[in-house]
Amino acid sequence: ASPSVWNCIVSLNEANLDGGGMECTATSAPAILNSMFLENRAHRYGGGVAATDDSTVTLTNCVVWTNSADSGSQWYTNASVFTASWSIVQDWTGGGSGMSSSNPCAVPISGRLTTNSIPCLEKHFLAWNRKGVSFFAGGS
């Protein structure tokens, strides 16, 4: 399947094995846009997002933060492609245009500075989505 996930907050979920926030397997190709994966837990791989079995995940204008897993707290890939751009991913080292691993509550987002708590980020994110404003608006 090739679902599109837009303008979502995926938070406080738990998986017994993989993909606390989202598990992508069996040649799936989800496109994830303007979404947040916060405080999810997987007991094996990929606390935020897990991509396995020839899946192809595209992440754009997203935040993946404070997730946990035994391996790959924010994201996990095995025999898959995980492409990210203009997103904030905790501990990100994978390259990509406009990527950041800075604390999302300490960097300017759409011209505003937020405080140091994830709930404030969720509140601002929801307000921006109601206005139809993209999360990063194409900038860093």
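Here is the figure for the range 53-82: residues that are outside any strand (DSSP E or B), of a type outside the set (Val, Ile, Thr) and touching a strand residue (DSSP E or B) at 6+ places or on another chain (Cβ under 7 Å) total 8. Of all residues in the range 35-44, those satisfying the criterion of being buried (at least 21 other Cβ atoms within 10 Å of the Cβ) and either farther than 14 Å from residue 89 by Cβ or in contact with a Gly (Cβ under 7 Å, 6 or more places away or on another chain) (or both) are 37, 40, 42. Consider residue 19 carefully, then state whether it is at positive phi and either crowded, with 24+ Cβ neighbours inside 10 Å or in a strand (DSSP E or B) (or both). Against the criterion (at positive phi and either crowded, with 24+ Cβ neighbours inside 10 Å or in a strand (DSSP E or B) (or both)), residue 19 qualifies. Across the range 7-16, the qualifying residues are those that are in contact with a helix residue (DSSP H, G or I) (Cβ under 9 Å, 6 or more places away or on another chain) and over 12 Å from residue 47 (Cβ atoms), and the one among them that is most open to solvent (accessible area, probe 1.4 Å) is 7. Close Cβ contacts (under 9 Å, 6 or more residues apart or on different chains) running from residues in the range 38-58 that are touching a residue at least 60 places away in the same chain (Cβ under 8 Å) to residues that are acidic (Asp, Glu) and open to solvent by less than 60 Å² (accessible area, probe 1.4 Å) comprise 38/122. Among the residues of the range 40-57, the ones that are in contact with a Phe, Trp or Tyr (Cβ under 8 Å, 6 or more places away or on another chain) and at positive phi come to 1 in all. Residues that are open to solvent by 10 Å² or more (accessible area, probe 1.4 Å), assigned to a loop (DSSP other than H, G, I, E, B) and in contact with a strand residue (DSSP E or B) (Cβ under 6 Å, 6 or more places away or on another chain) were ranked within the range 22-33; the one that is farthest from residue 79 (Cα to Cα) is 29.
The values are calculated or read from the model by the stated rules, or taken from the named source; none is laboratory data. Because the structure is a prediction, the values reported are computed rather than measured. Neighbour counts are summed over all protein chains in view; Cβ atoms, including those assigned to glycine, are modelled from backbone coordinates with ideal geometry. With ligands, DNA and RNA removed, areas are computed over all heavy atoms of the protein, side chains included. Shrake-Rupley method; radii C 1.70, N 1.55, O 1.52, S 1.80 Å.
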